[in-house]
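Taking it in order: structure first as C-alpha cells, then the write-up.
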Amino acid sequence: MPRLIGADGRYELKVGGKPYLILGAQVNNSSNYPAMLPEVWPAMSDVDANTVVMPIAWEQIEPTENQYNFSFLDLFLKQARQHHLHAIILWFATWKNGGPQYAPSWVKLDNRRFPRMVNRQGQPVYSLSPLAKTTLDADRSAFVALMRHLRAVDPQHTVIMVQVENETGTWGAVRDYSARADRLFDGPVPRRLVRALHLRRGTWRQVFGEKAGEFFHAWNIARFVDKVAAAGKAVYPLPMYVNAALRDPFHPGPPITYESGGPTNDALPVWKVAAPAINLIGPDIYMPDSRRYFKVLQQYHLADNPLFVSETGSSVVYARYLFATLGHQGIGFSPFGIDYTGYSNFPLGARRIDPRTLAPFALEYHLIRPMDSLLARLSFQGRLHAVSEPDDAHAQIVKLGRWEARVSYNMPAFGNTPDARARPLEGGALIAQLGPNEFLVTGVHVRVSFALTQPRSNQFMILDRVVQGTYHHGTWQFMRLWNGDETDWGLNFTSIPQVLHVHLATY
Ligand code: DGJ
C-alpha cells in the first residue's frame, strides 16, 4: 500500500515498500476520456515521467444519481500499466478552480438541493456553499464509490495518491453570506481551532479580525474536504492531498485578489487543523520568476507539510525548478497540461505542447529516473541538496558541513570567462552526501566547484577521485574517471545527462 511517512519534519512517499519520487506530468483538464488517451501516452513517454496525473470527474462517474460508470478509470489504469506508469487521480467534484463545473448536471443545476454561496449583496455565487450537508453527502458518496472501485480494480497499486477536489475556494467573494453562514460567522470559532492555534475563544471576527471571513470560509471548505477524504480513506487508505491556487507571496493584499478559502499560505494553519485526513497541501506554481517561485517553495515546505509541487507551468523556465523542489525535500514535481490533445494553457504555460517543449523537463526526468528511489531515500535522510538557477544567474553556495559547493551558471567547460551567449534559464544542480567526503553530483547547464568551508592555513582541497557512472535501477556502474580538462575548471554539466561520485580530500 502506498504510504506517506514522516520523521523529524522530513517525508518519504513509499510505493511497493520503496522510496518513491514523483516525476509527474498532469494532463489537460478535458483529457479524461478514452478518445484522448492515445494523445496522452506519447507525451508521457517524451517527457519521461514515472507518474501520470489524471482527473476523474464526478460528472463522468455519476452522470445519473446513484448510477456509477467507471469505464474510463478502468481503461486508463489498464493503459497506464501497459506504459509502466504509476498514477495520481484528481477528484474534480464540488470544487474545480472554485466552481462545481465538473459536478453532474443533477447537482450543479439544482440550486435548491445543492445551494450556491451568496455574496454580500445577496446574489448567488458560482461556488457551491461548503455548508450544505446535501452537497457533502452527495460528493462523499460518489468519492467513496470511486475509492471502493479503485480498491477492487487496483490491487497492484498503480494509483499511488489521490487529490481531493481541485483548487478549492472562491474567486470574487470572501465567504458565503447566506443567512445560515452569517449566523455561524457571528457565533464562536470552533474550540478545536482556537485550541490548536493557541488563541482565545470568541467570534470569528473577535479571534481573527480582518482575516475572519477568509478563515471562516477556509475552515468550512477544509472541514467538507476532510470529511470526503476521511470517508474515502475508510474504504481505501491511499495518501490524499489538496492543491492550492496561490496568492502572490510578496504582495498578497488586502484586498483579497486570490481564491478565498482555499489553502493559500496564510490559511495553511486553519486547513491543517480542519483537515487531518489530508496528508499534504501542494502549491500550483505558475510564477515564472525565481524570486516568487523560491518563496512559494519555502511557504509550502513545512515541518507539518511535505512539499509536492502539484502543478507547475509547462514552459521552459519552469523545468529547472525541479532542482529547487528537491532541495526543499520535495517528494515530487508535476508540470501541467502535458499531452498532445492540441490544447495548451498559454500564456500560463508553453504556447504549444510538443516534444521540443517537453525537452527541458525530459532532460531532467531522464537524468533522475534511474536513481529516483535512491534520491528519495537520501532526501528523507536529510542528505540531498539541490538548487535552481536564479533569474539573474548569480552563483549559490551550498553548505555541506566541512565542505561547501559553489554552484555557478553560464560558465564554459574550459576557463573562467562567463559564456555570454543568450540561453534560456535552465540550470540546476543536485548534490547528495554519500559519505563524509563523498558526494553524488549532477546537474544541467551548471558548474559545481568544491572547497573547504574553513580551511586551516596551508590546507587545500583536492579532488581525489571524480568517478562518472550510471545508475541502473539504483545500482551504480563505473564508466570512467574525470580528470584533467574535465575537472580543472570545476565540474561542468551541460545538457548531457552525467552523474558523478566525487571523493574530496585535502593536502
Ligand atoms: C490550475 C488548475 O488546478 C488546473 O486544473 C488548470 O485549470 C490550470 N490552473 C490552468 O491551466
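The values are calculated or read from the model by the stated rules, or taken from the named source; none is laboratory data. Bear in mind that the values here come from a model prediction, so they are computed numbers and not experimental data. Cβ: placed from backbone, ideal geometry, glycine included. Neighbour counts: every protein chain shown. Quick note on the areas: whole protein, heavy atoms, side chains included, nothing else; ligands and nucleic acids left out. Shrake-Rupley method; radii C 1.70, N 1.55, O 1.52, S 1.80 Å.
In the set Ala386, Ala413, Ala393, only one residue is touching a strand residue (DSSP E or B) at 6+ places or on another chain (Cβ under 9 Å) and in a strand (DSSP E or B); that residue is Ala386.
Among the residues of region 423-439, those identified as more than 15 Å from His394 (Cα to Cα) and assigned to a loop (DSSP other than H, G, I, E, B) are Pro436, Asn437. Can you find even one residue in region 333-353 that is away from the ligand (no atom under 16 Å from the Cβ) and crowded, with 24+ Cβ neighbours inside 10 Å? No, region 333-353 has no match at all.
Taken over region 279-318, residues that are within 16 Å of the ligand (Cβ to nearest atom) and either modelled with pLDDT under 95 or in a loop (DSSP other than H, G, I, E, B) (or both) amount to 6.
Screening Glu404 on (1) outside any strand (DSSP E or B); (2) open to solvent by 20 Å² or more (accessible area, probe 1.4 Å) shows it passes everything except condition (1).
When Pro34, Pro100, Pro55, Pro42 are checked against the criterion of being free of Cβ contacts under 8 Å to residues at least 40 places away in the same chain and within 26 Å of Ser314 (Cα to Cα), Pro100 stands alone in meeting it. Restricted to region 354-369, and to residues that are of a type in the set (A, V, I, L, M) and open to solvent by 20 Å² or more (accessible area, probe 1.4 Å), which residue is nearest to the ligand (Cβ to nearest atom)? This residue is Ala359. Inside region 404-440, residues that are free of Cβ contacts under 8 Å to residues at least 40 places away in the same chain and among the charged types (D, E, K, R) make up a count of 3.
As a summary of the residue check, Leu23 satisfies the conditions (1) in contact (Cβ under 8 Å) with a residue 40 or more places away in the chain; (2) in contact with a strand residue (DSSP E or B) (Cβ under 6 Å, 6 or more places away or on another chain); (3) more than 16 Å from the ligand (Cβ to nearest atom); (4) in a strand (DSSP E or B) except for the one numbered (2). With respect to the stated conditions, Asp289 is charged (D, E, K, R) and touching a residue at least 60 places away in the same chain (Cβ under 8 Å). At least 2 residues being within 16 Å of the ligand (Cβ to nearest atom) and either open to solvent by 10 Å² or more (accessible area, probe 1.4 Å) or among the aromatic types (Phe, Trp, Tyr) (or both) is the threshold, and among the strands (runs of 3 or more DSSP E) wholly inside region 81-171 those reaching it are 86-96.
When Val444 is tested against the conditions (1) surrounded by fewer than 23 Cβ atoms within 10 Å (Cβ to Cβ); (2) in contact (Cβ under 8 Å) with a residue 60 or more places away in the chain, the lone failure is (1).
Filtering region 208-235 down to residues that are open to solvent by 40 Å² or more (accessible area, probe 1.4 Å) and among the small types (Gly, Ala, Ser), which residue is farthest from Ala275 (Cα to Cα)? Among those that are open to solvent by 40 Å² or more (accessible area, probe 1.4 Å) and among the small types (Gly, Ala, Ser), it is Ala234. Flag set for Ser449, criterion: in contact with a Gly (Cβ under 8 Å, 6 or more places away or on another chain) and either farther than 30 Å from Leu358 by Cβ or outside any strand (DSSP E or B) (or both).
Scoring Met36 on the criteria (1) in a helix (DSSP H, G or I); (2) in contact with a strand residue (DSSP E or B) (Cβ under 8 Å, 6 or more places away or on another chain) leaves a single failure, condition (2).
In region 58-75, the residues that are closer than 16 Å to Val162 by Cα form Cβ pairs under 8 Å with partners that are in a loop (DSSP other than H, G, I, E, B), at six or more places apart or across chains, as follows: Trp58/Tyr102; Trp58/Ala103; Trp58/Pro104; Ile61/Tyr68; Ile61/Asn69; Ile61/Phe70. Criterion applied to Arg180, Arg175 was being farther than 30 Å from Glu12 by Cβ and without any contact (Cβ under 8 Å) to a residue 60 or more places away in the chain, and the one residue passing it is Arg180.
Taking region 1-46 as the range and being open to solvent by 70 Å² or more (accessible area, probe 1.4 Å) and of a type in the set (A, V, I, L, M, F, W, C) as the test, the residues that pass are Met1, Ala35. Kindly indicate whether any position in region 47-60 is open to solvent by less than 70 Å² (accessible area, probe 1.4 Å), in a helix (DSSP H, G or I) and out of contact with any helix residue (DSSP H, G or I) (no Cβ under 9 Å at 6 or more places or on another chain). So far as region 47-60 goes, no, none of its residues is open to solvent by less than 70 Å² (accessible area, probe 1.4 Å), in a helix (DSSP H, G or I) and out of contact with any helix residue (DSSP H, G or I) (no Cβ under 9 Å at 6 or more places or on another chain). Of everything in region 172-207 that's under 27 Å from Ser310 (Cβ atoms) and part of a helix (DSSP H, G or I), which residue is least open to solvent (accessible area, probe 1.4 Å)? Filtering region 172-207 for residues that are under 27 Å from Ser310 (Cβ atoms) and part of a helix (DSSP H, G or I), the one least open to solvent (accessible area, probe 1.4 Å) comes out as Leu193.
Looking at region 282-310, which of its residues are of a type in the set (Asp, Glu) and surrounded by fewer than 20 Cβ atoms within 10 Å (Cβ to Cβ)? Result: Asp289, Asp304.
Comparison of Gly469, Gly484, Gly474 shows that the only residue that is at pLDDT 95 or above, over 20 Å from Glu389 (Cβ atoms), open to solvent by 10 Å² or more (accessible area, probe 1.4 Å) and small (Gly, Ala, Ser) is Gly484.
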